[in-house]
Every structure is written in structure tokens, then in C-alpha cells.
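Notes follow once the structure below has been shown.
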Amino acid sequence: GVSGGADSLALAVVLTELVGKDKVVALTVDHKLRDESTDEAKYVASVMQNLDVEHHILTWKGKKPKQGIEEAARIARYNLLYDWCKNNDVGALCVAHHLLDQAETFFIRLNRGSGLAGLCGMAPVGYWKDLRIVRPLLDVHPDELKKYLQEKNIRWVEDPSNQSDAFLRCRIRKFFPILEDMTGITAERIADTMRVLARSRDYIRFQTDNFIEKYSRFWEGVG
């Protein structure tokens, strides 16, 4: 999934270097929410053409909701990507969520009152329906991705909505420098804590599965 931002463009370039351009297909979703979105999608197409990577633009058509547009756009994006992948026998979709995205997710879910599972954040491998979603960059700071593109002389697109205070994620993103300056708590430290929470979650699941398997067999024997 390639939006044109630094993160997803860097991911596309890295993947072509790791697995070869013939095994990578770049998909860009044009949400049609901004006047510039179509030109940005075409720009991604030009970058992928220079890399000799197959590229497709998927358009979110129809009426857009006035409320909850951020979540609606996310669902529409994943559904469009899912449909293309399933129709073309693609079993894995790589997305460019990075370390700051992960740390932001922690605070978003904290705001919702999430428990252990939610505070673990995004998994390196997950699913949208039955499509595998792979997040190879969860431990990478976005500044590293921008530096990588600069070394490759590849320009990226800055989405103005990423600076809008209308969205909670953006407000949290702007809060990080203040948090670090006043407390020393960094996004890296938050992500480290999330990994510890994930290990705790996995241990509890392991023990629960063992308990269920052990005592279900016991009761089967009794019966």
C-alpha cells in the first residue's frame, strides 16, 4: 500500500531491493477527499514506473460521510486493497506503519479505555478479513525513512491532513515532543513498553490455551 508519503514510498523501495521488483505490486488508494489526491496518486505511479514496479490506483467512489470520515476512509482503503488482492491472488499486503504510528496507537487506545490486548498496539502480522497484513517497519522511526528516500533522491508527498487538529492521532503526534521534553518519555520507550505488554498477553494466552486443553481432556475422560 503506497500513499505517496515518505513511509510508504520508503517501504516500496525497500521491498523492491529485498525481494525484487517482479514480486512487488504497489497499490495507491485515491480517497477523493482532497483536490490534490489524484495528482498525488499519479505521482506515485511515476515513481513506481521509474522503479519498474507494477502500480494500480484504486479509487474510493460514492458519497462520503460527514461524520467519522477518518475511520470511514480507513475502512474504505482496506476494503479496496483487500478486493484487489483477493481478485489478483495476492496473499499479503504490506503497509508502512512505523514506530511513531505504534506509539500514537497506544495513546489512542488508552483514550478509549482499552485493556491489555488493545494497549499492545499493532501486530507485525495481522489480518483484514482473510488477507494477511504485514507491517515490516513497526520498529523504524519515520525520520530514518525520510533520510533513506533523500539518499535515493526520491521526493515524497506531505498530506496536510496529517497536521490537522481535527484528528486525535494528529493531536497526539504534536504532543510527543512536549512529552519527551517534559518527562524524557520517548516514542521508542513507549514502543518498548508495548512489546513488554505483548509478551505478557502472549504468555496469558499460552497458559489459558494449555489450561483449556488440559482440563477439556480431563472432562472428556471423565465422561
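The values are calculated or read from the model by the stated rules, or taken from the named source; none is laboratory data. Please read these numbers as outputs of a predicted model, since none were measured by experiment. Cβ: placed from backbone, ideal geometry, glycine included. Neighbour counts: every protein chain shown. Accessible surface is based on the protein model in full, side chains and every heavy atom, while ligands, DNA and RNA are left aside. Shrake-Rupley method; radii C 1.70, N 1.55, O 1.52, S 1.80 Å.
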Residues of the stretch 1-60 that turn out to be touching an Asp or Glu at 6+ places or on another chain (Cβ under 9 Å), hydrophobic (A, V, I, L, M, F, W, C) and closer than 18 Å to LEU80 by Cα, as a count: 7
Index of the failed condition, TYR78 passing every other in (1) over 27 Å from TYR203 (Cα atoms); (2) in contact (Cβ under 8 Å) with a residue 60 or more places away in the chain; (3) within 12 Å of the chain's Cα centre (by Cα): (2)
Every pair of residues 6+ apart whose Cβ atoms lie under 6 Å, when the first sits in the stretch 187-215 and is closer than 11 Å to LEU116 by Cβ and in contact (Cβ under 8 Å) with a residue 24 or more places away in the chain while the second is open to solvent by less than 50 Å² (accessible area, probe 1.4 Å) and of a type in the set (A, V, I, L, M): LEU197/LEU119
ARG135, sole failed condition from (1) buried (at least 16 other Cβ atoms within 10 Å of the Cβ); (2) out of contact with any strand residue (DSSP E or B) (no Cβ under 9 Å at 6 or more places or on another chain); (3) not aliphatic (A, V, I, L, M): (2)
GLU17 vs. criteria in contact (Cβ under 8 Å) with a residue 60 or more places away in the chain and of a type in the set (Asp, Glu): no
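So for the stretch 150-162 (the condition being assigned to a helix (DSSP H, G or I) and of a type in the set (Ser, Thr, Tyr)), does at least one residue qualify?
Among the residues of the stretch 150-162, at least one is assigned to a helix (DSSP H, G or I) and of a type in the set (Ser, Thr, Tyr), which makes the answer yes.
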Odd one out for THR59, checked against (1) within 30 Å of PHE176 (Cβ to Cβ); (2) in contact (Cβ under 8 Å) with a residue 12 or more places away in the chain; (3) open to solvent by 40 Å² or more (accessible area, probe 1.4 Å); (4) polar (S, T, N, Q): (1)
Candidates SER200, SER164, SER216, filtered to the one that is among the polar types (S, T, N, Q) and exposed (fewer than 11 other Cβ atoms within 10 Å of the Cβ): SER216
Residue within the stretch 87-107 that is out of contact with any Cys (no Cβ under 8 Å at 6 or more places or on another chain), of a type in the set (Val, Ile, Thr) and open to solvent by 30 Å² or more (accessible area, probe 1.4 Å) present: yes
Selection from the stretch 22-36 of residues that are modelled with pLDDT of 95 or more and among the charged types (D, E, K, R): ASP30
Verdict on ARG189 being surrounded by 16 or more Cβ atoms within 10 Å (Cβ to Cβ), assigned to a helix (DSSP H, G or I), out of contact with any Phe, Trp or Tyr (no Cβ under 7 Å at 6 or more places or on another chain) and basic (Lys, Arg): no
Among (1) closer than 25 Å to THR186 by Cα; (2) more than 18 Å from the chain's Cα centre (by Cα); (3) open to solvent by less than 50 Å² (accessible area, probe 1.4 Å) - the single one ASN111 does not satisfy: (3)
